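Enquirer: Take this structure, written in structure tokens, and hold onto it; I'll ask about it next.
The values are calculated or read from the model by the stated rules, or taken from the named source; none is laboratory data. Just so we're clear, the structure is a prediction, and the values are computed from it rather than from any experiment. Quick reminder, even Gly has a Cβ in these numbers, built from the backbone with ideal geometry, and neighbours come from all protein chains shown.
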Amino acid sequence: MESQLYSVEKVKDFINEGRVLALAGDERLLSQLPQGAWIGGTIPYFMDIDKGKFSKDMIYVNELEDAQNGVSIITYDEHNIDYLVKDAYDNGFTLLIIPPFQKIHHDFALKAEELEGLYNNPVIGWVCGMDLNSNDIPYTFNGLTGEKYTDKAIAMHVELPENKFAQIEIFNIFERDENSPEIEFYVDSFDVVNCLIDGKETNLAEYISNHKLDIKLPLIADYSGASINVSIKEVDVENGLVSFYAPVFQGKKYKFAKPIDDYVRSFEVKTLNYNSEAVFSCNCILNYLYGELENKKINKIKGPITFGEIAYQLLNQTLVSLSVDEL
């Protein structure tokens with residue numbers, strides 16, 4: 001089945017047919033769905049099969065067609081998130097949806113790297129969200145029980161047959177600006193007052209303001225050869241505080257990203273090898289907004305637009321996808 005936006009009635013049919021689904025859409029739509037083998041999260045922004053779209057009357061559907069050997073749907077909060085990896089199958093993947101700005105969001109982002117066996121099987125997913133021009137509240141949905149939550153994560157653990165394996169791809173259009181200063185942080189946190197900039201203790205908010213830095217550009221750290229973005233949420237010069245959409249970590253060395261001249265062109269180049277048959281894919285709301293992707297098509301990119309991407313850990317301003325291949 002093609003991954004794309006469908007009507008509520010069509011999605012109801014899919015669920016009643018027993019299909020295993022990952023869903024994204026408006027809370028009022030997801031609340032109408034029958035119980036079944038599905039998980040969901042709220043968002044009204046999408047990259048559909050033809051272009052970027054805003055929709056509150058359609059649901060984006062990913063069918064997990066390889067989930068024939070085994071599926072388990074589990075609700076997680078800060079008390080049991082340590083079991084996320086232990087609950088997974090020996091051969092398979094985990095699709096995780098987390099609500100934003102809740103304790104589970106905070107704890108997963110800070111502790112994911114500490115989960116024993118994290119890289120044994122792919123963990124991919126997204127942070128749900130809402131219409132930015134509304135007072136809506138983000139929800140996660142456990143389709144198996146029919147429950148929805150503002151403060152709990154939902155995971156679908158999928159078992160794959162022995163002749164198949166899953167793998168994650170991360171597409172990042174940003175590169176570190178090697179001419180920018182090196183930034184180090186004292187603690188692991190979403191919020192920063194002082195840090196070391198080229199070895200000198202500095203208030204980060206003042207530094208960004210005084211140097212008129214573009215906060216649409218993320219900070220980037222090197223994680224064993226992978227460039228991982230951390231996006232700036234707010235710079236509060238009055239209180240000397242910088243808030244991020246994902247945590248910065250002590251011991252990592254960050255630099256600001258190089259400016260992007262043409263967002264769409266950068267994505268087109270970076271995603272030439274994007275797998276249009278990916279089991280799941282999502283892209284960041286900041287890329288959607290800053291790149292003005294509504295009504296635009298980039299190669300064959302599809303999926304929900306998210307408040308954060310998960311590829312083993314929480315990412316920002318990144319496109320992630322999951323493919324299932326035969327050995």
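Enquirer: If you scan segment 150-169, which residues turn out to be crowded, with 17+ Cβ neighbours inside 10 Å and in a strand (DSSP E or B)?
Expert: Of all residues in segment 150-169, those crowded, with 17+ Cβ neighbours inside 10 Å come to 152-160, 165-166, 168-169.
Passing the criteria: 153, 154, 155, 156, 157, 158, 159, 165, 166, 168, 169.
Enquirer: In segment 196-213, what count of residues is obtained for those that are without any contact (Cβ under 8 Å) to a residue 24 or more places away in the chain and either touching a His at 6+ places or on another chain (Cβ under 8 Å) or surrounded by 15 or more Cβ atoms within 10 Å (Cβ to Cβ) (or both)? Break it down into steps so the answer makes sense when it comes.
Expert: As a first pass, look at segment 196-213 and keep what is without any contact (Cβ under 8 Å) to a residue 24 or more places away in the chain: 196-202, 207, 210-212.
Cutting the leftovers down to either touching a His at 6+ places or on another chain (Cβ under 8 Å) or surrounded by 15 or more Cβ atoms within 10 Å (Cβ to Cβ) (or both) gives us 196-197, 202, 207.
Residues that pass the stated criteria total 4.
Enquirer: Can you list the strands (runs of 3 or more DSSP E) found entirely within segment 200-263 that contain at least 2 residues being at pLDDT below 95, among the small types (Gly, Ala, Ser) and closer than 18 Å to residue 177 by Cβ? Break it down stepwise before answering.
Expert: Working: elements: 200-203, 219-223, 226-230, 232-236, 241-248, 254-256.
Those strands (runs of 3 or more DSSP E) span 226-230.
Enquirer: Across segment 289-327, what is the number of residues that are within 18 Å of residue 228 (Cα to Cα) and not polar (S, T, N, Q)? So that I can check it myself, show each step before the final result.
Expert: Kept after step one, since they are within 18 Å of residue 228 (Cα to Cα), are these residues of segment 289-327: 306-322.
With not polar (S, T, N, Q) added as a condition, the list becomes 307-312, 314-315, 319-320, 322.
Result for segment 289-327: 11.
Enquirer: Can you find, within segment 1-14, the residue that is surrounded by the fewest Cβ atoms within 10 Å (Cβ to Cβ) among those that are assigned to a helix (DSSP H, G or I) and not charged (D, E, K, R)? Spell out the reasoning first.
Expert: As a first pass, look at segment 1-14 and keep what is assigned to a helix (DSSP H, G or I): 8-14.
This time we only want the ones that are not charged (D, E, K, R), so: 8, 11, 14.
Numbers: 8: 17, 11: 27, 14: 20.
So the residue we want is 8.
Enquirer: Would you check if residue 274 is assigned to a loop (DSSP other than H, G, I, E, B), of a type in the set (Ser, Thr, Tyr) and in contact (Cβ under 8 Å) with a residue 24 or more places away in the chain?
Expert: Details: assigned to a loop (DSSP other than H, G, I, E, B): yes; of a type in the set (Ser, Thr, Tyr): yes; in contact (Cβ under 8 Å) with a residue 24 or more places away in the chain: yes.
For residue 274, the condition - assigned to a loop (DSSP other than H, G, I, E, B), of a type in the set (Ser, Thr, Tyr) and in contact (Cβ under 8 Å) with a residue 24 or more places away in the chain - is met.
Enquirer: Take residue 117 and tell me if it is more than 17 Å from the chain's Cα centre (by Cα) and at positive phi. Don't jump to the end; show me each part of the working.
Expert: Numbers: more than 17 Å from the chain's Cα centre (by Cα): yes; at positive phi: yes.
It is true that residue 117 is more than 17 Å from the chain's Cα centre (by Cα) and at positive phi.
Enquirer: Take the residues of segment 15-36 that are surrounded by 22 or more Cβ atoms within 10 Å (Cβ to Cβ) and touching a helix residue (DSSP H, G or I) at 6+ places or on another chain (Cβ under 7 Å): which is nearest to residue 130 (Cα to Cα)?
Expert: 23
Enquirer: If I ask for residues that are touching a residue at least 40 places away in the same chain (Cβ under 8 Å) and within 22 Å of the chain's Cα centre (by Cα), which ones from segment 234-247 would you list? Let's see the steps before the verdict.
Expert: First, the residues of segment 234-247 that are touching a residue at least 40 places away in the same chain (Cβ under 8 Å): 240-247.
Listed by number, the residues that qualify are 242, 243, 244, 245, 246, 247.
Enquirer: Are any of the residues in segment 277-298 in a loop (DSSP other than H, G, I, E, B), closer than 25 Å to residue 93 by Cβ and free of Cβ contacts under 8 Å to residues at least 12 places away in the same chain? Show your work before the answer.
Expert: Initial filter on segment 277-298 (in a loop (DSSP other than H, G, I, E, B)): 277-279, 291-293, 295-298.
Now drop any that are not closer than 25 Å to residue 93 by Cβ, which leaves 277-279, 298.
Retained after the next criterion (residues that are free of Cβ contacts under 8 Å to residues at least 12 places away in the same chain): none.
No, segment 277-298 contains no residue that is in a loop (DSSP other than H, G, I, E, B), closer than 25 Å to residue 93 by Cβ and free of Cβ contacts under 8 Å to residues at least 12 places away in the same chain.
Enquirer: How about segment 200-227: which of its residues are within 25 Å of residue 306 (Cβ to Cβ) and either basic (Lys, Arg) or in contact with a Pro (Cβ under 9 Å, 6 or more places away or on another chain) (or both)?
Expert: Selection gives 214, 216, 217.
Enquirer: Mind checking which residues of segment 80-90 are modelled with pLDDT of 95 or more and part of a loop (DSSP other than H, G, I, E, B)?
Expert: 80, 84, 85, 86, 87, 88, 89 - these are the residues of segment 80-90 that are modelled with pLDDT of 95 or more and part of a loop (DSSP other than H, G, I, E, B).
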